[in-house]
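The values are calculated or read from the model by the stated rules, or taken from the named source; none is laboratory data. Treat the numbers as computed from the prediction; the structure is a model and nothing was measured. Heads up, the Cβs are rebuilt from the backbone with ideal geometry, glycines too, and the neighbour counts pull from every protein chain shown. These accessible areas exclude ligands, DNA and RNA; they are computed on the full protein's heavy atoms, side chains included. Shrake-Rupley method; radii C 1.70, N 1.55, O 1.52, S 1.80 Å.
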Amino acid sequence: MPSKKVNLKQTFKNSQTLPDFKSETRDSFQSKLGFILACIGSAVGMGNIWMFPYRVGQQGGAAFLIPYLLFVIIIGFSGVIGEMAFGRAMKAGPIGAFKKATQKYLHNNWGYFLGFIPVFGSLVSAILYSVVVGWIIRFIAFFLAPTITKIDPSEYFNSIAGNFSNVPSHLIGLLLTLSIMVFGISKGIENLNKILMPAFFVLFIILAIRVAFLPNSTNGYIYLFNINWVEFYNPKTWIFALGQAFFSLSIAGSGTLIYGSYLKDNVNIISCAKNVVIFDTVAALLAAVTIIPAIFSFGYDLQSGPALMFIAMPNIFKQMPLGQIFALIFFLAILFAALTSLVNLFETPIEALQFTFHFSRAKSVTIVFAISVIVSLFIENAAILSKWMDILSIYIIPLGALLAGIMFFWLCGSKFARQQVEKGLKKPLGKWFKPLTKYVFIGLTLIIYILGIVLSGIG
C-alpha cells in the first residue's frame, strides 16, 4: 500500500489551531514594535550600564565578550522565546501560568505556590532598583547645580547612600514609575518605552562619540577588543559571562513572561526575541565603548565595580570640557533605562494581585506602591542594598528562570512549547528547538544556579 504524502504546510496550519489557555479580557500591547521596545526596555538597565562594563574590565576585554555573545544568542533563542511564549499561552503572569501548567499536567495547584517565587523576586528587585533610581535623580540634580566643582562625587555619593539619606528623590522615582503604570499596558508601559528607549540609544551614541575624542581613549578600545587568552581559558570568565547573559536579558521567570502574557497570538515571537537580543547587546556595547575608554583616558581603576557609575564617571565628567552637559546626558540615559526596567519589575506583582484577588489595576498599583515605600526606605543604605542584591541574584532570580523553563519545556512538553512559539510564524521551527530549549537552556540555567550558590560564599 503506497504511503500517504505528508503535507507539511497543512500539518503546520493544523498545529496553529490547537486549543490553548484563555482568561478574562486582558490588556495587551497594541503593536509588535511596542512589545519589542518594552522587552528591550526591560532588558536594558543596570545590568548593561553598570555591571557589563565592570565585568568586561574585570575579565579581560574581548576574552569576556566572546563567551558573553555566545551565551546571549543561546539564551535569547531559548529562554527569551520560552518565557514570551509561556506567558502568551497561559494569558497570565508567573502565578497564573505556573498554576495552569500544574493543573493541566499534574492535576494539582502546586504551580500556584511556586509562582510566588518569581513574583517575590520581581517585587524585591523593583524595590532595590527604586533606591538606585533615587540616586540617579540626585546625580542629575548634582550636575544641574552651579557649584559642582566644589563637591567631591565620592563624598556626595556617600552622603546619599546611607540610612534615610535620599528619601525625597527616592519617592519621586517610585511615584513617577507607578503613576505611569496606572494607565496599563498599551497606554502606560508601551507608550513609555516608545519614547524612552529610542532616547536612550540616541543619548548613549552622543556620549560614545564624545568619549572617542578624549586623549588616550584608544587604549580603552584596544583593551576592550583585544583577547586576553589567559582570561579566555579561565572557567571563571565563562561562568561570569553566562551569569551576565541571564541578567542582561532579564530571564527570571517574571518580566519577559509577564510581557508575553499581554502579547497577541499573531505576533512572531522568534522575530521579537531576535530584536531584543540585538538591541540589548548593542546597549551593553554602547555602555562599554563609552565607559571603558573614558576610564582609560583619565586613569581610573577599571575594576572599581559599582563605583564606576556613581564615583568614577562623575569625576571624569568634572574634568572633561563641557563635562556638566555630558554628565546630564549620561545620567538621563541611565534614568531612562532604569525606568523602563522598573516598570517591568513592578508589573509582575501588580498583575499577581489582579490575578489572585481580582483587584482593579489602580488598587493593585496603590498596594504595590505602599509596600515599596515602606520597605525601600529601610534599605537606602548602600551596604544593605548590595547584600540584598547578592541574595536575589544568587538564590531567587535564577530559581525563577529555572522553574519557568521546567514548567514550559518539560512539564508542558516540547510539543506544546513548539506549538505556542510557532504561533505567528510563517513556517515551522527546525529540529534545533527541542534540544536547545529543553536540554541546553535548562542545563545552563541549572549550572548558573548551582555555581552561583557554590561560588558566592553565602550560606
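So here's what we get for this one:
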| quantity | calculated |
| --- | --- |
| Portion, in percent, of the accessible area of the stretch 58-199 that falls on carbon or sulfur, probe 1.4 Å | 70 |
| Helix axis angle, 382-391 relative to the chain longest principal axis, alpha carbon, degrees | 30 |
| Furthest towards positive pole of dipole, 217, 29, 292, structure part the chain, Cβ charges | 29 |
| Selected from 113, 196, 182, residue furthest toward positive end of dipole (the stretch 82-211; charges at beta carbon) | 113 |
| The stretch 282-396, dipole about Cα centre (Lys/Arg Cβ +1, Asp/Glu Cβ -1), debye to the nearest 20 | 160 |
| Scaled radius of gyration (Cα, divided by 2.2 N^0.38 Å) that the stretch 206-287 gives | 1.48 |
| Violating pairs (Cα-Cα greater than 27 angstrom) within the set 194/423; 104/264; 100/236; 104/194; 104/274; 91/187 | 100/236; 104/194; 104/274 |
| P(r) of the chain over all Cα-Cα pairs, binned every 10 Å from zero, in whole percent | 4, 21, 31, 26, 12, 4, 1, 0, 0, 0 |
| Neighbourhood charge, 13 Å Cβ-Cβ cut-off, centred on residue 311 and excluding it, Lys, Arg +1 and Asp, Glu -1 | -2 |
| Excluding exposed DSSP-loop trypsin sites (Lys or Arg not before Pro) (at most 16 other C-beta within 10 Å), longest clean stretch of the chain | 27-263 |
| Around residue 268: net Lys/Arg minus Asp/Glu count, Cβ-Cβ under 10 Å | +3 |
| 14 Å beta-carbon shell around residue 168, net charge (K/R +1, D/E -1) | 0 |
| Within the chain: Cβ-based charge dipole about Cα centre, in debye rounded to nearest 20 (Lys, Arg +1; Asp, Glu -1) | 2000 |
| Dipole-positive endmost among 90, 405, 266 within the chain (Cβ charges, Cα centre) | 266 |
| Kirkwood hydrodynamic radius (C-alpha pairs) into Stokes-Einstein, the stretch 132-253, 37 °C and 0.692 mPa s, D in µm²/s | 175 |
| Residue range of the chain that is longest and free of chymotrypsin sites (Phe, Trp or Tyr not before Pro) which are both DSSP loop and sparsely packed (at most 11 other C-beta within 10 Å) | 234-431 |
| Average accessible area per residue (Å²) across the chain - probe 1.4 Å, nucleic acids and ligands excluded | 41 |
| Calculated Rg and Dmax of the stretch 374-415 using C-alpha coordinates, Å | 15.7, 48 |
